[in-house]
1. What are the residue pairs meeting all of these: first residue in segment 11-34, first residue over 26 Å from R101 (Cα atoms), second residue surrounded by 18 or more Cβ atoms within 10 Å (Cβ to Cβ), Cβ atoms under 6 Å, and 6 or more apart or on different chains?
2. Can you pull out every residue in segment 48-106 that is of a type in the set (S, T, N, Q) and either within 24 Å of T169 (Cβ to Cβ) or buried (at least 22 other Cβ atoms within 10 Å of the Cβ) (or both)?
3. Are any of the residues in segment 171-179 open to solvent by 50 Å² or more (accessible area, probe 1.4 Å), modelled with pLDDT of 95 or more and either farther than 22 Å from T90 by Cβ or outside any helix (DSSP H, G or I) (or both)?
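The values are calculated or read from the model by the stated rules, or taken from the named source; none is laboratory data. Note that the coordinates shown come from a computational prediction; the quantities given were computed from them, not determined experimentally. Because the Cβ atoms are built from the backbone with ideal geometry, glycine has one as well, and the counts that use them run over all protein chains shown. Side chains are part of the model used for accessible areas, which takes the heavy atoms of the whole protein and leaves out ligands, DNA and RNA. Shrake-Rupley method; radii C 1.70, N 1.55, O 1.52, S 1.80 Å.
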Amino acid sequence: MTVKNAPARADLAATDDIGWAVRLLAATPTHEHRDPELLRRWARAADAFGSALAPVACEARIVERDGGLELGLLARYTSRPPAVELYTDTIDLAEQVVDARGWRDWYPPGSVRAAALAHEAVHVHLHHGPAKAALKRALGHSALRLGRLRVPGHVAGAEEVAAHAYARTVCGLGRSPLLLTAALAAETETGTAPGTTPPPARDARREN
C-alpha cells in the first residue's frame, strides 16, 4: 500500500503524547462521560508508569505474518497460547508513513517493529505478574471504599497508554507510538481526507 498525500508534520504532531493518550482514553468504552481533567490525570499517571518500567524481555513466542491491514492491527498479544503476533504489512505501512510525514528523526529505521514488540512485551508482563496491580495503584482510581479500605479500580485503556510509554522509552523514540497509530488511522480510515485530523487515536492491536 502506497502512502499518498500525507498531511504536513504539524497536523498530528501538534498534539503531544499526553494529548494522544487522553484521546485514547476518551475513545475507550466506559469513559465517554468522564471529566477530561480526570482522563488527563490518568493519562499522565499511566505514561509515567510505563516510562519508569525496567526493561522486560518478551517471554511469549513471536510470530510474524501479514493480514494486519485487513484486521486493523499492528501487533497483538494472545494469551492462549502465549504469543506476540507482529503484522508485517502494517509495520511496512507504518515505515512508509514515517518517511512520508518526515518523522524519521523520531522513529529511526526498524524502530516500528522494535516498538511493537516492546509494547506487546509489556502486555505479557502485566498479564502474568504483579505489575498490573502496581499500575492500578499508580492510577489512584478506587473501585470500592469502605472506611480506610480502598480497592484499586481498573481504568480501561490505561494499560495501552503505559505500554506505549514503555515502548517510547526503551526504544529511544522521539515521540510515542500513539502518534504513529493516529497517522496510520488517518491513512486507513475510510472517508478520512488527507490533511484532516483523524478520530481519537486507537491502538492498532487487539488482545485475546
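1. As it stands, the answer is T28/G157; H31/L25, since those pairs meet every condition given.
2. Quick first cut of segment 48-106, residues of a type in the set (S, T, N, Q) only: 51, 78-79, 88, 90, 96.
Answer for segment 48-106, where residues must be of a type in the set (S, T, N, Q) and either within 24 Å of T169 (Cβ to Cβ) or buried (at least 22 other Cβ atoms within 10 Å of the Cβ) (or both): S51, T90.
3. Start the filter on segment 171-179 by keeping residues that are open to solvent by 50 Å² or more (accessible area, probe 1.4 Å), which leaves 172.
Then keep just the ones that are modelled with pLDDT of 95 or more; that gives 172.
Going one step further and asking which of them are either farther than 22 Å from T90 by Cβ or outside any helix (DSSP H, G or I) (or both), we end up with 172.
So far as segment 171-179 goes, yes, one or more of its residues are open to solvent by 50 Å² or more (accessible area, probe 1.4 Å), modelled with pLDDT of 95 or more and either farther than 22 Å from T90 by Cβ or outside any helix (DSSP H, G or I) (or both).
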